[in-house]
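Please read the structure below before turning to the comments.
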Amino acid sequence: MLKILREKMGLTQKQLAERIGVTQTYISKIEHGHIRSVTMDKVIKLAFALETTEEEVARRMLNENIDKR
């Protein structure tokens, strides 16, 4: 889950949101699997902010969406 990566970095949803230029609500929706499609630009920004790869971000987002079904 992205939440685990975010928490390992010691970031709040608001701090992560500010780093990538979105709202805290947007981050919350991603973490809860309510957003199914994220632009590649956002994936890249998330990966950079969370110090991981784009592939890892995409995999975790996919898993969150599958878990919510």
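The values are calculated or read from the model by the stated rules, or taken from the named source; none is laboratory data. What you see is a predicted model, and the numbers here were worked out from it, not measured in a lab. Virtual Cβ from ideal backbone geometry, glycine too; neighbours counted across all protein chains shown. Quick note on the areas: whole protein, heavy atoms, side chains included, nothing else; ligands and nucleic acids left out. Shrake-Rupley method; radii C 1.70, N 1.55, O 1.52, S 1.80 Å.
Numbers at a glance
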| read-out | value |
| --- | --- |
| Pick from the range 33-48, criterion more than 15 Å from L5 (Cβ to Cβ) and open to solvent by 40 Å² or more (accessible area, probe 1.4 Å), ranking: modelled with the lowest pLDDT | R36 |
| Filtered residues of the range 1-32 (kept if under 15 Å from R59 (Cα atoms) and open to solvent by 80 Å² or more (accessible area, probe 1.4 Å)) | M1, K3, H32 |
| Selected residue (criterion: modelled with the highest pLDDT) from residues of the range 49-69 that are within 12 Å of L5 (Cβ to Cβ) and open to solvent by 80 Å² or more (accessible area, probe 1.4 Å) | E51 |
